[in-house]
1. Which pairs turn up if I take residues in the stretch 70-83 that are within 11 Å of Leu32 (Cβ to Cβ) and look for partners that are hydrophobic (A, V, I, L, M, F, W, C) with beta carbon separation below 7 Å, at least 6 apart in sequence or on another chain?
2. Might you check whether a residue that is surrounded by fewer than 18 Cβ atoms within 10 Å (Cβ to Cβ), in a helix (DSSP H, G or I) and in contact (Cβ under 8 Å) with a residue 24 or more places away in the chain occurs anywhere in the stretch 39-46?
3. If you check Met164 against the conditions, is it modelled with pLDDT of 90 or more, over 27 Å from Ser56 (Cβ atoms) and out of contact with any Gly (no Cβ under 6 Å at 6 or more places or on another chain)?
4. Anything in the stretch 67-83 that is crowded, with 19+ Cβ neighbours inside 10 Å and not aromatic (Phe, Trp, Tyr)? List them, or say none.
5. Go through the stretch 135-152 and count every residue that is out of contact with any Gly (no Cβ under 9 Å at 6 or more places or on another chain) and within 14 Å of Met34 (Cβ to Cβ).
6. Every residue in the stretch 47-64 that is in a helix (DSSP H, G or I) and loosely packed, with under 13 Cβ neighbours inside 10 Å, please.
7. Starting from the stretch 137-156, keep only residues that are under 21 Å from Asn74 (Cβ atoms), then list their pairs with residues that are among the charged types (D, E, K, R) and in a helix (DSSP H, G or I) whose Cβ atoms are within a distance under 7 Å, requiring at least 6 positions of separation or different chains.
Amino acid sequence: MSYENGRWMNGGLLCLLLLRIAAVFFTSTAALSMGFNKQSITKAVAIVGTKTLYHSYAAKFHQTPAFIFLVVVNAVASIYNPVVLLCSFFSKGKALHNMMLRYTDLVVFAVTATGAAAAASMAELGRNGNLHARWSPMCDQFGGFCLRSDVAIAASFVGAFLHMILIAVSLADGIQTSSKD
């Protein structure tokens with residue numbers, strides 16, 4: 001992106017700006033909603049004489065490595081985009097900057113999509129269990145946790161999709177700019 005004489009140089013750059021702002025919104029939503037995701041329940045586990053014994057169970061995002069990965073990659077992506085906007089404002093369209101930007105955008109897209117996919121596989125396991133391994137589903141007992149996880153995963157997939165569109169628009173803008181030279 002380049003900025004000249006107080007105005008954005010073309011519509012493609014405005015599109016990139018809006019895509020980056022939307023990506024920040026969705027990736028930060030994913031990181032925050034999963035990062036603060038926890039739920040506790042208390043269940044009766046035994047009756048001894050006339051006294052009922054209770055035990056508390058907790059579901060927390062940091063108990064699953066895929067959920068930790070989702071939080072980390074979305075936090076990085078949500079910080080990356082404002083930094084790119086600031087750097088782009090001051091770079092004034094240098095070719096090396098634009099090339100590096102495309103590569104780092106591709107890396108951010110890849111890790112964001114990977115984090116969302118890993119978390120989605122764990123969410124499916126939590127929702128349906130695995131009868132062959134005798135793992136019971138847990139979403140019937142931790143419904144709020146699963147719902148917030150689903151929101152975070154969906155936001156992460158939208159953020160990854162926005163990064164994919166951002167790469168395509170950036171490449172198209174670069175091809176259009178190079179053909180004018």
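1. Val71/Ala31; Val71/Met34; Val71/Phe61; Asn74/Ala30; Asn74/Ala31; Ala75/Ala31; Ser78/Val24; Ser78/Ala31
2. No; the residues of the stretch 39-46 include none that is surrounded by fewer than 18 Cβ atoms within 10 Å (Cβ to Cβ), in a helix (DSSP H, G or I) and in contact (Cβ under 8 Å) with a residue 24 or more places away in the chain.
3. Answer is yes for this residue.
4. Within the stretch 67-83, Leu70, Val71, Val73, Asn74, Ala77, Ser78, Asn81 qualify.
5. Here is the first cut: in the stretch 135-152, the ones out of contact with any Gly (no Cβ under 9 Å at 6 or more places or on another chain) are 140-141, 143-144, 147-148, 150-151.
Subsequent filtering for residues that are within 14 Å of Met34 (Cβ to Cβ) retains 144, 147-148, 150-151.
Selection size over the stretch 135-152: 5.
6. Correct list: His62, Gln63.
7. Listed by first residue and then by second, the contacts come to Cys146/Arg127.
Condition check ((1) part of a helix (DSSP H, G or I); (2) at pLDDT 90 or above) across all residues:
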{"position": "Leu96", "(1), (2)": "yes, no"}
{"position": "Thr112", "(1), (2)": "yes, yes"}
{"position": "Cys139", "(1), (2)": "no, no"}
{"position": "Gly159", "(1), (2)": "yes, yes"}
{"position": "Ala172", "(1), (2)": "yes, no"}
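The values are calculated or read from the model by the stated rules, or taken from the named source; none is laboratory data. Everything numeric in this text was worked out from a predicted model, so none of it was measured. With ideal geometry, Cβ positions are generated from the backbone for all residues, glycine too; neighbour counts draw on all protein chains shown.
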